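Working notes for the structure below.
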Amino acid sequence: MITTDRMAAVDANAAALGVPRKQLMESSGNAVAREVRAAADPGATVALVCGRGNNGGDALVAARFLGGYDVAVHLLGRPETIRTDIARENWDALENAEIPREAVSDSRQFDLGGPDGDDPDVVVDAMLGSGVSGGLREPERTAAAAINASDATVIAVDVPSGIDADTGDPTGSPESDPTPVDADRVVTFHDAKPGLAALDAEITVADIGIPAAAERFTGPGDLLGLDRDPDSHKGDNGEVLVVGGGPYTGAPTLSALAALRAGADLVRVACPESVADAVQGFSPNLIVRALPGDRVGPAHVERVTSLAAGNDVVVLGPGLGGGDGTEAFVREFLTAFEGRAVVDADALRVVPEVDTDADLICTPHQGELVGMGGETAADPDERAELVREFAAEAGHTLLVKGAVDVVADGDDARLNRTGNPGMTVGGTGDVLAGTVGALAAVTEPFHAAAVGAYVVGRAGDAAAAANGAGLVATDLPDRLPEAMRDE
């Protein structure tokens, strides 16, 4: 099954792979026409009730595939308000094909019946697709009531209008809104939607030619839904604490700067006082919290745990270095911590031996994965399954870095192929950890890891195009905002 949000991402990824929405709409419309032919013999009367979005566009296409049927197309609204170019093109195509059509700008004018007043044999409900929220409004409200009152076989496109495709519940309030369309059949696309199982209807899942890679690999569709709320306030877009430094100053700084560029509102760095001034000197945008001494150790657990409580996500590990004291700190901190954390670098080796209630996203390269007890393979698909199995065993989300990155939790695995060989330079992993940290503050761990891998790879590709073999990690953070824009 696939949720509506994920389906929108897969659609966009398919377009990026060279399968545009126009082509998918043609396939979807053909699938709707097949469902009509399965429900009624040639010569039957068919009313297609179309909204002004791509859901309606699917039915506009279907009308062209229903030669031999008595077809009438009802557009709910004025043609000039059709919301997409491809749906508008298919509306215009009906006129050229001399297929009967009408625009209903006043709900009082809506009439499903033909000239003799009889109900059609089949009604195609293509008013509202998946992803629509709120109750039915006019003219859909009147149209839905008319469809439900008719004796026609009702075929819904993707999901019955007024039904949430993810839950199967009405999109409006039962107390104030009319009954959603009661469909006899639903033709949905690519994969079943979770809410359809709750319906008393025959469900058909139509293959419309979306390549498997659109779902298997990250792409621009994965960026959908990451825009900031225009009414948000400081802190609403995430607060991140980076814990690291001591032997190294660059690593925690790169993570922190990446978290800011990836959209976090506030980024704090907890690091030993021996490097605090150096970290602060990189940017006035960072909030630095100095820890006594020159290495992070067990004595700092209480202080760091207190700091972590005021943040949405902790990025643990950049520049910490190894040693018994560092490992003891990581072990004690993760044992006590119950929030969300991105774990990287030297902190990774402790994860398998810790019993933690924290929600972890681990970002090892393949060597570190093996050190954690996981397995790897040269073939990306084989590696993805091995990582998924290890993620299920560990109970954490994994982002395994490589020429093809693997993101997995116990249920799913996704591959990322952005990036280039120049990104083997030191520090790019720290940028990735900070980016994932910022994203994990506003979205779920698996999605944060997948998007983080994708956008850091894109930033690296842009840096390589500008600098060639001279790419360095500090080139990446400033390129993240552009990399996070939907293509």
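Computed values, structure above
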read-out	value
Accessible area per residue, Å², the stretch 58-206 with all protein chains present, probe 1.4 Å	45 Å²
Sites Gln23 and Ala392, calculated FRET efficiency, Cβ-Cβ separation with R0 30 Å, nearest 0.05	0.25
Eligible aspartates and glutamates near Lys401 by straight Cα distance, threshold 16 Å, same-chain separation 8 or greater	Asp344, Asp346, Glu368, Glu375, Asp379, Asp381, Glu382, Glu385, Asp409, Asp430, Asp461
Extension gain from Thr3 to Ala145, taking 0.36 nm per residue of separation minus the Cα-Cα distance	48.4 nm
Range of Cα positions in the stretch 361-487 per principal axis (Å), largest first	41, 31, 23
Karplus (6.51, -1.76, 1.60) ³J(HN,Hα), θ = phi - 60°, over the stretch 268-283, in Hz, Gly and Pro reported as x	10, 10, 9, 8, x, 4, 5, 10, 4, 5, 5, 5, 4, x, 6, 6
Cut-off under 5 Å, modelled amide H: who pairs with His365 long-range	Lys401
Ratio of the Cα radius of gyration of the stretch 51-165 to 2.2 N^0.38 Å, where N counts its residues	0.99
Using alpha-carbon coordinates, inclination of helix 428-440 to the longest axis of the chain, degrees	50 degrees
Share of carbon and sulfur in the accessible heavy-atom surface of the chain [1.4 Å probe, %]	45 percent
Equivalent ellipsoid dimensions for the stretch 324-387 as semi-axes, Å, which come from the Cα gyration tensor, largest first	24, 13, 9
Of all DSSP beta bridges in the stretch 301-424, antiparallel share, percent nearest 5	40 percent
Theoretical FRET efficiency, 1/(1+(r/R0)^6), r = Cβ-Cβ of Thr474 and Ala198, R0 60 Å, to 0.05	0.70
Karplus-derived 3J(HN,Hα), 6.51/-1.76/1.60, for each residue of the stretch 292-301, Hz, glycine and proline x	x, x, 10, 9, 7, x, x, 5, 9, 4
Phi-based couplings in Hz for the stretch 184-199 (Karplus 6.51, -1.76, 1.60; Gly and Pro marked x)	7, 9, 10, 10, 10, 10, 6, 7, 5, 9, x, x, 5, 5, 7, 8
Relative contact order (%) - criterion: Cα under 8 Å, at least six apart; region: the chain	12 percent
Descending Cα extents along the principal axes, the stretch 184-282, whole Å	69, 32, 21
Amide H contacts of Ala206 (H built 1.01 Å from N, under 5 Å, at least 5 apart or other chain)	Thr188, Phe189, His190
Which label in (1) 23.2; (2) 29.0; (3) 24.7 gives the computed Kirkwood radius over Cα pairs in Å	(3)
The stretch 184-256, relative contact order [Cα under 8 Å, separation at least 6], %	21 percent
Difference of contour (0.36 nm per residue) and Cα-Cα distance, Asp70 to Arg216	48.4 nm
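The values are calculated or read from the model by the stated rules, or taken from the named source; none is laboratory data. As the structure is a prediction and not an experimental result, all values here were calculated from the model. When we count neighbours, we look across all protein chains shown, and the Cβ atoms used for this are built from the backbone with ideal geometry, even at glycine. These area figures cover heavy atoms from the full protein model, side chains too; ligands, DNA and RNA do not enter into them. Shrake-Rupley method; radii C 1.70, N 1.55, O 1.52, S 1.80 Å.
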